[in-house]
2 protein chains.
Amino acid sequence: MARPCSIAEALTVIGEKYSLLVLREVFLGVRRFEAMARNIGAPRDILAARLKRLVEAGILEKVPYSERPPRYEYRPTKAGLDLQPVLHMLRQWGDRHLVDRPAMVVEHRCGAVLEAVVTCAHCGEPVEAGSCTARVEAPGWSLAGPTA
Amino acid sequence: MARPCSIAEALTVIGEKYSLLVLREVFLGVRRFEAMARNIGAPRDILAARLKRLVEAGILEKVPYSERPPRYEYRPTKAGLDLQPVLHMLRQWGDRHLVDRPAMVVEHRCGAVLEAVVTCAHCGEPVEAGSCTARVEAPGWSLAGPTA
């Protein structure tokens, strides 16, 4: 049995190819199937499967915008909006380490180009590498692996 | 052609199944193949392919720890360490939305259980849903899609 872990659980829901790109489009305001398929470059059947899964997982909701013909758009739920910080950090990592020039610039409402920093809600300090200690609570597991 | 985007680029490097779990193990201090395979529950051939890719992408480095027999461990580079914020936010999202009880608790060096918040480096305020505006810089693209 693999290590019990919320990261692994999260990846079963949003870790498949295209799922996070669906969320990117939704956050950019692109919420209809045809436009998503074009912007993501995803095969339609796979995109349909990803959208179904995201709706079932309570990350997106499917809302009708036309009755005749019946047409739907996808909106983020509260749980979906809570994934925005993941995408901010992932985009920033890609901007820094993978591309010459960012394809997109995000501005915070303060007017600055967003430089996103993960901070500790308690002390307000940045959460730097080496500033945290993990404690395993799952029975039968330690940091190193299974204890049994 | 799909939307040019650093999130999509990042996912080509760390988006395949098990890649982020490899990074989780490395950050927890588990850096050797056998222990990783066990803790992740990944087939050995797939794990080997993921490690190779992460080394090629400059996210991990392969460092010998024994000469006879030759044995290696995997350490995060600077680019690898920069993925820690992504994992913090992903773990926290899973803790909040997917599991009853977190399998792991992370403490910040201030002594508090880490509640990670993405903030703006310029104004110090939390980056909440709706607090940012994206501007597309890629030629031929707008927020909605291709302009041509």
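The values are calculated or read from the model by the stated rules, or taken from the named source; none is laboratory data. Given the structure is predicted, the values throughout are model-derived calculations rather than measurements. Cβ placement follows ideal geometry from the backbone for every residue including glycine, while neighbour counts extend to all protein chains displayed.
A:Glu67: among the acidic types (Asp, Glu) and closer than 21 Å to B:Ala144 by Cβ, yes or no? Steps first, please.
Numbers: among the acidic types (Asp, Glu): yes; closer than 21 Å to B:Ala144 by Cβ: no.
Against the criterion (among the acidic types (Asp, Glu) and closer than 21 Å to B:Ala144 by Cβ), A:Glu67 does not qualify.
Each residue in the stretch A:34-62 was checked for being charged (D, E, K, R), surrounded by 13 or more Cβ atoms within 10 Å (Cβ to Cβ) and assigned to a helix (DSSP H, G or I), and 3 of them qualify. Annotation: A:Asp95 fulfils all but one of (1) assigned to a helix (DSSP H, G or I); (2) more than 7 Å from chain B (Cβ to nearest Cβ); the unmet one is (2). The residues in the stretch B:18-55 that are of a type in the set (D, E, K, R), under 14 Å from A:Ile7 (Cβ atoms) and more than 7 Å from chain A (Cβ to nearest Cβ) can be counted, and the count is 1. Of the numbered criteria (1) touching a residue at least 24 places away in the same chain (Cβ under 8 Å); (2) part of a helix (DSSP H, G or I); (3) farther than 18 Å from B:Ala8 by Cβ, the one A:Arg31 fails is (2). For the stretch A:63-87, filtered to residues that are exposed (fewer than 14 other Cβ atoms within 10 Å of the Cβ) and at pLDDT 95 or above, the residue that is farthest from B:Leu87 (Cα to Cα) is A:Pro64. Within the stretch A:1-12, being at the interface with chain B (Cβ under 8 Å from one of its Cβ atoms), of a type outside the set (D, E, K, R) and more than 15 Å from B:Leu11 (Cβ to Cβ) holds for A:Met1, A:Ala2, A:Pro4, A:Cys5, A:Ser6, A:Ile7, A:Ala8. A count restricted to the stretch A:102-148 and to residues that are in a loop (DSSP other than H, G, I, E, B), among the hydrophobic types (A, V, I, L, M, F, W, C) and more than 7 Å from chain B (Cβ to nearest Cβ) stands at 1.
Look at the stretch A:77-88: where a residue is more than 7 Å from chain B (Cβ to nearest Cβ) and a partner is at pLDDT 95 or above, sitting 6+ places away or on another chain with Cβ atoms under 6 Å, you get A:Thr77/A:Gly58; A:Thr77/A:Glu61; A:Gly80/A:Ile59; A:Gly80/A:Leu60.
If a residue has to be among the β-branched types (Val, Ile, Thr), free of Cβ contacts under 8 Å to residues at least 24 places away in the same chain and surrounded by 14 or more Cβ atoms within 10 Å (Cβ to Cβ) to count, how many in the stretch A:114-135 make the cut? I'd like the intermediate steps shown before the answer.
First, the residues of the stretch A:114-135 that are among the β-branched types (Val, Ile, Thr): A:117-119, A:127, A:133.
Add one more test, that the residue is free of Cβ contacts under 8 Å to residues at least 24 places away in the same chain, and what stays is A:117, A:119, A:127, A:133.
Adding the requirement that they be surrounded by 14 or more Cβ atoms within 10 Å (Cβ to Cβ) leaves A:117, A:119, A:127.
Within the stretch A:114-135, residues that are among the β-branched types (Val, Ile, Thr), free of Cβ contacts under 8 Å to residues at least 24 places away in the same chain and surrounded by 14 or more Cβ atoms within 10 Å (Cβ to Cβ) number 3.
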